[in-house]
Amino acid sequence: MVNPENLTPPLKWAGGKRWLVPTLKTIWEDYQDFQLIEPFCGGLAIALGLAPEKAILNDINPHLVNFYKQLKKGLKSDILMKNDADLYYQYRERFNKLIENNQSETQEAASLFYYLNRTGFNGLCRFNSQGKFNVPFGRYRSINYRDDFLAYKNLFQAWHFQWGDFEKMPVDDHSFVYADPPYDVEFRQYAAGGFSWADQERLATWLAQQTVPTIASNQATPRILDLYQSLGFTVTTLSAPRRIACNGDRTPAQEMLAFRNLAAKDLLNT
């Protein structure tokens, strides 16, 4: 096992899965020499929590993947970072200009992405239909920034980062798949193209075709539960730490976990 040195996710990430790591770790113990496959690596909570020796980490957001690739190179940011609205919108404009000029796979873009993520509203990562980042200023009282990410460099050397559609991911016979797609909720503009119900169906079908240990998570909407059950997954639900809405409803959101190709004892422990 690679020692993760207690590294935590470097980004704020809406819908992050740090709370789910203990549950997945009890299953992962039987597959520690497998290659972790994540079609939607997001904030990296699962990869950092499991610390596989090998991993292929994909996401549909190219700017997120560029950030991780720059960390793999040993990113040290040299931009000014402070909790200031004027600076935030200046940097957001610069970041979108890099996107417009096809310069988004750079160290500068990664540094700006980190700053926007830490400073923007509620850790959201949202793009409009033209692919421009459009999250407003976050108005936090204080923010802890970091400019040196060298602690991630060694761990990331054995991990491959890529961006694109999940169906293009290579899954060999010694793989362990964990998929956490954008939730089946109204907001899905996590990347320029969004993630539609047709994409949810396509993902579930692709996961059902895998012959290796496979786990999927999603918000436990009725149609998501029906979809995975209809494809032969073992499905369970559990309460997530987030709340169902920001309108005063404090009901814990329900999370689905769907399993295929796991040993019976692993299912009994979930």
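The equivalent ellipsoid of the range 111-243 has semi-axes of 30, 21, 15 Å, largest first, where each one is the square root of 5 times an eigenvalue of the Cα gyration tensor. The residues packed around residue 56, meaning those with a beta-carbon under 10 Å from its beta-carbon, carry a net charge of -1 if Lys and Arg are +1 and Asp and Glu are -1. Projecting the Cα atoms of 129, 102, 142 onto the charge dipole of the range 77-147, computed from C-beta unit charges around the Cα centre, puts 142 farthest toward the positive end. Net charge of the neighbourhood of residue 81, taken over other residues with C-beta under 11 Å away and scored Lys/Arg +1, Asp/Glu -1, is 0. Given 0.36 nm per residue, what is the gain on full extension from residue 29 to residue 229 after removing their alpha carbon distance, in nm? That pair, residue 29 and residue 229, stretches by 69.4 nm at full extension. Computed over all pairs of different Cα atoms, the Kirkwood value for the hydrodynamic radius of the range 77-147 is 12.2 Å.
Normalised by 2.2 N^0.38 Å, with N the number of residues, the alpha-carbon radius of gyration of the chain equals 1.00. Evaluated with a Cβ-only charge set (Lys, Arg +1; Asp, Glu -1), the chain carries a dipole of roughly 840 debye about its Cα centre, given to the nearest 20.
Assuming charge only on the beta carbon of Lys and Arg (+1) and of Asp and Glu (-1), the dipole of the range 77-147 about its Cα centre is about 340 debye to the nearest 20. In order along the range 21-28, the Karplus-derived 3J(HN,Hα) couplings, from 6.51 cos²θ - 1.76 cosθ + 1.60 at θ = phi - 60°, round to 4, x, 5, 6, 4, 5, 7, 4 Hz, and Gly and Pro are given as x. Given +1 at the Cβ of Lys and Arg, -1 at the Cβ of Asp and Glu and no other charges, the dipole of the range 96-223 around its Cα centre is 600 debye to the nearest 20.
In 10 Å bins starting at 0, how do the alpha-carbon pair distances of the range 23-138 split up by percent? Values per bin, smallest distances first: 13, 40, 29, 15, 4, 0. Between helix 85-100 and the chain there is an angle of about 70 degrees, using the helix long axis and the longest principal axis of the Cα atoms.
Judged by the mean number of other Cβ atoms found within 10 Å, the most tightly packed of the peptides 120-132, 33-45, 207-219 leads the ranking 33-45, 207-219, 120-132. Averaging Cα coordinates gives a centre for the range 19-90 and one for the range 136-162; these two points are 9 Å apart. Summed over qualifying helices (DSSP H, 4 residues or more, each -39500 (n - 2.57)) and divided by its residue number, the chain shows a 222 nm mean residue ellipticity of -9000 deg cm²/dmol.
With the simple model of a label 7 Å out from the Cα in the direction of the Cβ, residue 54 to residue 202 spans 2.8 nm. What angle do you read, to the nearest 10 degrees and between 0 and 90, between the alpha-carbon axis of helix 197-208 and the longest principal axis of the chain? Tilt of helix 197-208: around 50 degrees.
In plain terms, the chain from residue 263 to residue 90 could stretch by 57.1 nm, reckoned as 0.36 nm per residue minus the Cα-Cα distance.
Between 196, 21, 74, the Cα set farthest toward the positive side of the dipole of the chain (charges on each charged residue's Cβ, about the Cα centre) is that of 74.
Every number here is computed from the coordinates shown, using simple stated rules; none is lab data. It should be emphasised that the depicted structure is a prediction, and the values quoted were computed from it without experimental measurement. Methodologically, a virtual Cβ is constructed for each residue, glycine included, from the backbone with ideal geometry; neighbour enumeration extends over all protein chains shown.
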